[in-house]
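These notes are about the structure you will find just below.
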Amino acid sequence: MAVISKLYTKILAALLAWLGFSGTVVSCNGIGGYGGDEYGVPSATFKVRGVVVSEKDDTPIQGISVSFSEKRKYYDSSEEYYNKIYSTLTSKSGNFNISRSSFPDKKLYYVELTDIDGDENGLFTYKIVEADFRNVTFTGGSGNWNEGQAEIDLGTIKLTPDENISE
């Protein structure tokens, strides 16, 4: 039985050597100048900021829901929907900062603005604004898996008051 096992081991070793495998294990430590093993996938941080004001009188609007979204299609049709990734609220001065970490694919994201507090700060219509990351440059990356961050300032976004909304 031991003879068969040794023969099998020699045949397997010869086959692996013939295919280009050797007994030496090579890790990422010595390939391409990387400092060590890295796990996961490349990532980057996408940041969007802006100020939300009333179109009527340019006053800042507090409490508007700001969502970082992607446009997707339903698997069984060509109909599209917005997939909310992360949401925050505007501050008292109407400012928002929103970010997400993801694979560093430069693409078009969307910022959805929704009045969720009823008539507390006035009633405003829903709005979608594009955040175009297709031509951005990432900064501050590590040079390995972390590509760094890209930031877009949407400036002042004006929401239209909606007197037709009733509670």
In cubic angstrom per residue, the convex hull of the range 58-102 built on its Cα atoms measures 87 Å³
Pairs over 22 Å Cα to Cα, from Lys106/Lys158; Lys73/Lys158; Lys47/Lys92; Lys92/Lys158, come to Lys106/Lys158; Lys73/Lys158
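Read-outs throughout are calculated quantities, based only on the coordinates presented, and are distinct from any laboratory measurement. Only a predicted model underlies this, so the values are computations on that prediction, with no experimental measurement involved.
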